[in-house]
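The values are calculated or read from the model by the stated rules, or taken from the named source; none is laboratory data. Model, not experiment: these values are computed from the prediction. In this analysis, Cβ positions are derived from the backbone assuming ideal geometry, glycine residues included, and neighbour counts consider all displayed protein chains. Just so you know, the surface numbers come from the protein's heavy atoms only, side chains and all, with ligands and any DNA or RNA stripped out. Shrake-Rupley method; radii C 1.70, N 1.55, O 1.52, S 1.80 Å.
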Amino acid sequence: DAMVIQNPRYQVTQFGKPVTLSCSQTLNHNVMYWYQQKSSQAPKLLFHYYDKDFNNEADTPDNFQSRRPNTSFCFLDIRSPGLGDAAMYLCATRQDRGLNTEAFFGQGTRLTVV
Amino acid sequence: AQSVTQPDIHITVSEGASLELRCNYSYGATPYLFWYVQSPGQGLQLLLKYFSGDTLVQGIKGFEAEFKRSQSSFNLRKPSVHWSDAAEYFCAVGEIGNDMRFGAGTRLTVKP
């Protein structure tokens, strides 16, 4: 029944070693988001895709990249993870029908950098 | 720019007591407002939403929220809290387009 699926749930990576987090959806929503959430903080928007159009937040570090090869999948690439990138990464989707609708979230991927 | 403020970082209530979590927003037009709940290590689940119409909205798990334009508020309420309601609660504001911004969150602890 899961509609937004994030893999893996837990990811451990080495300092400086590239890592990719994945998100898939069965909702056929046209908008997909990536949020970073650090401990006891609110989710922070990194970027989002409106269909294939990529929208980067101004303060998202260059170390973070994203790909959306098709409607169903979206990837978050961290080129050189630092200790400060350890966080929960949340993927969300939304269908933009002209009126604002709610976002559906995945379970998140908790990233540990060692 | 739109912003969301949740003044209370942490609230503790006794089981069975009523609950109100505060949310204030800053936005030029009519906002789209949401409340999400997050259990430890989990994603966010939508409790309720306001787009237009009746300013008192009902959500899941017995929660409701009231949109008050004059106070720029969208406070979440529940008449009787259950131990399973202990979690982090996030208020969020959406805008026409695609962005959704979150408040800092309020952590709810429920005492037996």
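Here are some notes:
- 3J(HN,Hα) along segment B:15-22: 4, x, 7, 7, 9, 9, 10, 8 Hz, from the Karplus curve 6.51 cos²θ - 1.76 cosθ + 1.60 with θ = phi - 60°, whole Hz, x for Gly and Pro.
- With all protein chains kept in place, the per residue accessible area of segment A:4-113 amounts to 46 square angstrom at a probe of 1.4 angstrom.
- The charge dipole of segment A:1-73, taken about its Cα centre with unit charges on the Cβ atoms of Lys, Arg (+1), Asp and Glu (-1) only, comes to about 240 debye.
- Cα-projected label distance for A:Asn7 with A:Ser39, points at 7 Å along beta-carbon direction, nm: 2.9 nm
- Taking 22 Å as the limit for the C-alpha separation, the pairs B:Lys49/B:Lys111; B:Lys49/B:Lys78; B:Lys61/B:Lys111; B:Lys78/B:Lys111; A:Lys44/B:Lys49 exceed it in the case of B:Lys49/B:Lys111.
- Ligands, DNA and RNA left out, the accessible area of segment A:4-113 computed with a 1.4 Å probe is 49% carbon and sulfur.
- For the protein assembly as shown, diffusion coefficient by Stokes-Einstein and Kirkwood Rh (Cα), 20 °C, 1.002 mPa s, µm²/s: 118 µm²/s
- At 0.890 mPa s and 25 °C, Stokes diffusion of segment B:3-111 via Kirkwood alpha-carbon radius, µm² per second: 177 µm²/s
- Distance between the pseudo-spin-label points of B:Ile11 and B:Trp83 (7 Å out from Cα toward the beta carbon): 2.1 nm.
- Cα convex hull, segment A:4-113: 97 Å³ per residue, rounded to a whole number.
- The 3J(HN,Hα) values that the Karplus relation (6.51, -1.76, 1.60; θ = phi - 60°) gives for segment B:67-77 are, in residue order, 8, 10, 4, 5, 9, 6, 10, 8, 7, 9, 9 Hz. Gly and Pro appear as x.
- Length-normalised contact order of chain A in % [C-alpha pairs under 8 Å, at least 6 apart]: 38 percent
- Taking 17 Å as the straight-line reach from the Cα of B:Lys68, the aspartates and glutamates in range (excluding those fewer than 8 positions away in the same chain) are B:Glu20, B:Asp54.
- Between B:Lys68 and B:Gln2, residue separation times 0.36 nm minus the direct Cα-Cα distance comes to 22.1 nm.
- Here chain B is assigned +1 on the Cβ of each Lys and Arg and -1 on the Cβ of each Asp and Glu. Its dipole about the Cα centre then comes out at about 80 debye.
- 20 °C / 1.002 mPa s Stokes-Einstein diffusion coefficient of segment A:1-57, Kirkwood radius on C-alpha pairs, µm²/s: 161 µm²/s
- Sequence-distant residues sharing a close amide H with A:Gly108 (under 5 Å, placed H): A:Gln6, A:Cys91
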